[in-house]
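Following: one structure in structure tokens, then a few remarks.
The values are calculated or read from the model by the stated rules, or taken from the named source; none is laboratory data. Given the structure is predicted, the values throughout are model-derived calculations rather than measurements. Glycine also receives a Cβ, built like all others from the backbone with ideal geometry; neighbour counts cover every protein chain displayed.
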């Protein structure tokens, strides 16, 4: 509470006040509820201070409202303030405000039953637009979160005096089932408002350290609309709330609550660095207030560089959730995983403040806000892609692989993500190609969007499976991010064109004309001796499902593809590596029937000694595996066959 207000003390006490404390038992199962409050409801002890500050801010807002019709309640005073006083010698921590205060009845009602809510009772007195306007500044339930103080204190005293009255009261409890209310001499009471004094437990000594208190205020209550000051006792015999000079530790204004046109970019940057724990400049700042069915304010940042823990499975989001400027969670799961690089603050006026504020995230309102915030951020990224392509290119380079996770995890927004997705292709290795660009450049008779998955776009560009597509001028998406293998297998298509792997099933590209000057392979018209050779290869190599002539190959003798039905070869490998696939499907070995090596082998199919021929079949198969980035299936056998072939060649 304001130091000037505290100094104004009435000269006499009101006559007729009862002199003895009145002892009461908490209503219903309060003892059990207190136990749950302390041991189950809250996950961190720090929140007791958050709750007390929240209650103090509530009290100031209530007085602000009542003073509109009764200005004499506030008179001429410096302004609302919350004071936190520390006294290490006496092991006391107090939180005081110069707000509305409580009468005896209000004190008993608010703190005698956990189910009571002074804030709720206050709101019930308001109506219509008035209620809607002021609700945004009220914080919570004074009789609920208040009891978190018993996590750190073995005795609690609440001194209070309602504005405009000459009566003051003290509420005392150890949190074990009973409480007492007694009149408080006015010279010991706040001039107006409430002071909560905690007798700290032995294991709660760190809360008597100024650095600890400042850290908690900065973390949880920096958005409170009332200034907060810290007072440290310096005189061993002085009162804890009167000794030492007040040091303001919170200005009482949240950056996100201010109008955008009144915030400098440097202020945004400073706030972003504290929120994100990074020292770069934000690539994109998004600040808006939503009104309508739900009211909330959002301040979001897209970092200028990739966080080090972006792909750490154990990482937590750095998205803070406030309810009426009170921090509820510092790592809320408001956004989907594919937007985990976004750093934001959401401050809602609609989320419920139940017994456990940690349970707020289970509210349907929370889900609705999360959905709306996700849509807005995606819209802003789309707008950036359209209006500032160079800036968007930096965003995609840093976070494109993460955004593409949404293509698999969020089918509902897949079409929106397709519009901003950028790809490397066989004709553009820079990774700036859009699906719209791709579809706009389809070749005559081309009815599908072709893709190839792997670990590196440049290596993929040299894959033998692309030879026939390149000869016909068909562009192929080169998908090198791990998530690509998954989303492309579940996506229906884009703009009516299905996605088709160039390493699975028949190519079906013979109807697409080849580029002028290029010789495109054709699968038909295979010579009889070559057909016999293919049959012999299939009989020899037991690790393939089939051996057939290829229309994909123009320069290489062989390549491997996946069967028509089942997973793509890269997807199959990933599933097998993670124990999700018992046996790898047998591949199909495609052979270029016009390759000089194949034609030469075909001339030896009638040789009496086919050992070297069979060795060559296996070497071709292993060579196809190596071209796919795999190891030979039988390294020792491969080495032996290669040695025999080289020996024969050198003879």
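Structure values in brief
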quantity	calculated
Qualifying residue in segment 627-636 (condition: touching a residue at least 40 places away in the same chain (Cβ under 8 Å), in the same structural domain as residue 537 (by TED's automatic domain parsing) and either assigned to a helix (DSSP H, G or I) or touching a helix residue (DSSP H, G or I) at 6+ places or on another chain (Cβ under 6 Å) (or both))	yes
Residue match in segment 313-320 (condition: in the same structural domain as residue 366 (by TED's automatic domain parsing) and either at pLDDT 90 or above or assigned to a strand (DSSP E or B) (or both))	yes
Subset of segment 245-257 [out of contact with any helix residue (DSSP H, G or I) (no Cβ under 9 Å at 6 or more places or on another chain) and more than 16 Å from residue 97 (Cα to Cα)]	245, 253, 254, 257
Test: residue 570 is under 36 Å from the mean Cα position of the chain (by Cα) and without any contact (Cβ under 8 Å) to a residue 12 or more places away in the chain	no
Tally, over segment 384-426, of residues that are farther than 22 Å from residue 343 by Cβ and touching a helix residue (DSSP H, G or I) at 6+ places or on another chain (Cβ under 9 Å)	13
Yes/no for residue 640 being under 54 Å from the mean Cα position of the chain (by Cα), surrounded by 14 or more Cβ atoms within 10 Å (Cβ to Cβ) and assigned by TED's automatic domain parsing to the domain that holds residue 456	no
Test: residue in segment 293-305 that is farther than 23 Å from residue 382 by Cβ and out of contact with any helix residue (DSSP H, G or I) (no Cβ under 8 Å at 6 or more places or on another chain)	yes
Any hit, segment 554-572, residues being in the same structural domain as residue 632 (by TED's automatic domain parsing), surrounded by fewer than 18 Cβ atoms within 10 Å (Cβ to Cβ) and closer than 26 Å to residue 601 by Cβ	yes
Flag if residue 511 is in the same structural domain as residue 452 (by TED's automatic domain parsing) and assigned to a loop (DSSP other than H, G, I, E, B)	yes
Criterion (under 40 Å from the mean Cα position of the chain (by Cα), modelled with pLDDT of 90 or more and farther than 17 Å from residue 56 by Cα) met by exactly one of 97, 166, 89, 154	154
Yes/no for residue 361 being modelled with pLDDT of 80 or more and surrounded by fewer than 23 Cβ atoms within 10 Å (Cβ to Cβ)	no
Subset of segment 527-553 (residues that are over 22 Å from residue 569 (Cα atoms) and either assigned to a loop (DSSP other than H, G, I, E, B) or not assigned by TED's automatic domain parsing to the domain that holds residue 602 (or both))	527
Qualifying position, being within 23 Å of residue 415 (Cα to Cα) and surrounded by 22 or more Cβ atoms within 10 Å (Cβ to Cβ), among 435, 452, 466, 442	452
Residues being surrounded by 14 or more Cβ atoms within 10 Å (Cβ to Cβ) and either modelled with pLDDT of 90 or more or assigned to a helix (DSSP H, G or I) (or both) - total across segment 573-584	4
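Residue-by-condition table, conditions (1) part of a strand (DSSP E or B); (2) touching a strand residue (DSSP E or B) at 6+ places or on another chain (Cβ under 8 Å); (3) surrounded by 15 or more Cβ atoms within 10 Å (Cβ to Cβ); (4) at pLDDT 90 or above:
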{"site": "245", "(1), (2), (3), (4)": "no, yes, no, no"}
{"site": "252", "(1), (2), (3), (4)": "no, yes, yes, no"}
{"site": "261", "(1), (2), (3), (4)": "no, no, no, yes"}
{"site": "267", "(1), (2), (3), (4)": "no, no, no, no"}
{"site": "270", "(1), (2), (3), (4)": "no, no, no, no"}
{"site": "275", "(1), (2), (3), (4)": "no, yes, yes, no"}
{"site": "281", "(1), (2), (3), (4)": "no, no, yes, yes"}
{"site": "289", "(1), (2), (3), (4)": "yes, yes, no, yes"}
{"site": "298", "(1), (2), (3), (4)": "yes, yes, yes, yes"}
